[in-house]
Amino acid sequence: MKRLFCLALITGVCMSLMAQYEHYYENLPVALEQVKPVIFPDHKVNLAKYAAQLNVHPNSGELCTEAFQMAIDELVELGGGHLIVPRGEWTTGPIVLKSNIDLHLNKGAIINFSTNKELYVQKNDPRDGSKKCNALIRASKCENVGITGQGVIDGQGFYWRPIKEKKVVRDGNLPEVWNKALEMGGTLVQDDKTYRLWYPFNLNPELGIPNIANDPIIQEKMRPHLVNITDCRNVIVQGVTLRNSPKFHLVPTRIQNLIIEDVTIDCPWWAQNGDAMDPGNVQVALIARCRVSAGDDGICMKGGVGEKGVQAGPQRDFLIIQDTVYRAHGGFVIGSEFSGGMQRLVVKDCVFDGTDIGCRFKSAPGRGGWCQDIWCVNIIMKSIREHAILFESGYADRGAGVSATDKDKKDQFFPDWCNVVFKDIICVQPRQALFMHGLKGMPIHDIRFEGVQFIGVGAGFEIEQADNIIFKNCSLSPAKEHSIKKSSRIIWNGKSLNE
């Protein structure tokens, strides 16, 4: 009887855990495989225990990297559990998470990563001799990995990122940002005829931040991500605030079963390459109730470049729901690399407020892929600075201060933008309603718009190399002329728009 009771209790607990995500999957336009809860052992180890042993104090700026490692080691011995980070500011070097470990930040806890860049440098890459930097928090080839709680994780990105003078002074009217950078020393190069580009290279010696490369361009390419989790199963990031990454904030790659819930990502809009979330080749995922401000793309789907992307498999069964993206280059984004493909992605009940582009689909030959069952439903876009919706098949990726370079093989892996549905969307005050540029011989095709309202637009549609683009029960106000070239079968509420 006792055994049956325990079995029933365990079954009930498991069913209760499963139910906590079921409500997100109600009334979806396509059936998705649902995420499963990530469960950790009940053991708890407090960071303060080992910090005290090492005589390291919170709020002092002293490195507690060793304390983090000792706490993780104890949890590994126990079979896993929760590493509790108590209230206070804790300065550390890189953190490496292991299987069955949840990094849990209590309310009021702040993890500040050290500005000493040497702490993050890997050994030389045997392939080309270059150096690379580890992510500030990383895990690889693990199961059951968590970053949870109500605390803050700060990557101190100001000491890593280049800054464009024209972006913060001319476009942003933030001279204080530029002046702060100049006060730190650094290196200036000419960005164009009028404006300059500042690199955190050769900083003032009193800052104690050494260079980790021989020139600013190479050092810029070494910037690490804040959180990078690769080749893992069952990953949850919940409740925490991620801010000021040296590069991208949250990069889960080749993950099976990913949950990102109630997360805040706070990055200055002018931060170079400051992407918020960049999941890549992830199978079965949920991003729910998150708040994002980013220096680049907001919620961006990746799928690998070329054959490696194909081998990693498609990004599939992905639900993005009840999220808000503020300043960012794009609210919901696919690309630029997605050679593994995109299958069954649903973006629902989201708000994009002040993004440059609402929905942004970007790629190029050599890094493109395929799409199947992509749905953007019940989305509000307002104060969009550029295009409400954009498809670009000739996107060129550029680093700060360098010309566009593309070593991808351009005779294969073309972006095949198709099977995308936009439904029940309100777009308020975009500069342009729709920009759609396909490739000759590989047009953008079979895209459907239903009940989409473009309100207060500055310009209408610019469409080239596109086929079978259908608008049903849509509106555009005020009415604008369209530029439609080298295209066929553009149907607006039952009427052809073709030239």
### Query
Of the residues that make up the range 140-161, is at least one modelled with pLDDT under 95, surrounded by fewer than 21 Cβ atoms within 10 Å (Cβ to Cβ) and assigned to a strand (DSSP E or B)?
no
### Message
Being of a type in the set (A, V, I, L, M) and within 28 Å of Met442 (Cα to Cα) narrows it down to one residue among Val377, Val351; which is it?
### Response
Val377
### Query
Before we move on, is Ile218 modelled with pLDDT under 95 and of a type in the set (A, V, I, L, M)?
yes
### Task
Identify all residues within the range 472-489 that are farther than 18 Å from Ile425 by Cβ and not in a loop (DSSP other than H, G, I, E, B); write none if there are none.
Ser483, Ile484, Lys485, Ser488, Arg489
### Query
Can you tell which of Ala67, Ala52, Ala48 is part of a helix (DSSP H, G or I), among the small types (Gly, Ala, Ser) and touching a Ser or Thr at 6+ places or on another chain (Cβ under 9 Å)?
Ala67
### Task
Within the range 185-193, identify whether any single residue is touching a residue at least 60 places away in the same chain (Cβ under 8 Å), of a type in the set (A, V, I, L, M), surrounded by fewer than 16 Cβ atoms within 10 Å (Cβ to Cβ) and assigned to a strand (DSSP E or B), and answer yes or no.
yes
### Query
Which of the residues belonging to the range 300-355 are more than 18 Å from Cys232 (Cα to Cα) and acidic (Asp, Glu)?
Glu307, Asp323, Glu337, Asp349, Asp353
### Query
Does Leu203 count as over 18 Å from Asn273 (Cβ atoms) and outside the structural domain of Gly280 (by TED's automatic domain parsing)?
yes
### Query
Quick one: is Gly451 surrounded by fewer than 17 Cβ atoms within 10 Å (Cβ to Cβ), closer than 20 Å to Ile380 by Cα and over 25 Å from the mean Cα position of the chain (by Cα)?
yes
### Query
Does any residue of the range 235-253 turn out to be touching a residue at least 60 places away in the same chain (Cβ under 8 Å), surrounded by fewer than 19 Cβ atoms within 10 Å (Cβ to Cβ) and at positive phi?
yes
### Query
Among the residues of the range 260-282, which ones are over 10 Å from the mean Cα position of the chain (by Cα) and within 18 Å of Gly151 (Cα to Cα)?
Ile260, Glu261, Asp262, Val263, Thr264, Asp266, Cys267
### Query
Hey, does the range 452-466 have a residue that's closer than 20 Å to Glu386 by Cα, among the hydrophobic types (A, V, I, L, M, F, W, C), in a loop (DSSP other than H, G, I, E, B) and at pLDDT 95 or above?
yes
### Selected residue (criterion: nearest to Ile236 (Cα to Cα)) from residues of the range 105-121 that are touching a strand residue (DSSP E or B) at 6+ places or on another chain (Cβ under 6 Å) and crowded, with 23+ Cβ neighbours inside 10 Å
Leu105
### Task
Return yes when Glu22 is modelled with pLDDT of 55 or more, surrounded by fewer than 14 Cβ atoms within 10 Å (Cβ to Cβ) and under 26 Å from the mean Cα position of the chain (by Cα) and no when it is not.
yes
#### Entry: Meets criteria (in a strand (DSSP E or B), without any contact (Cβ under 8 Å) to a residue 40 or more places away in the chain and under 16 Å from Ser393 (Cβ atoms)) for Ile469
yes
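The values are calculated or read from the model by the stated rules, or taken from the named source; none is laboratory data. Since we're looking at a predicted model, the values are computed, not measured. Using ideal geometry, Cβ is built from the backbone for each residue, glycine included, and neighbour counts are taken over all protein chains shown.
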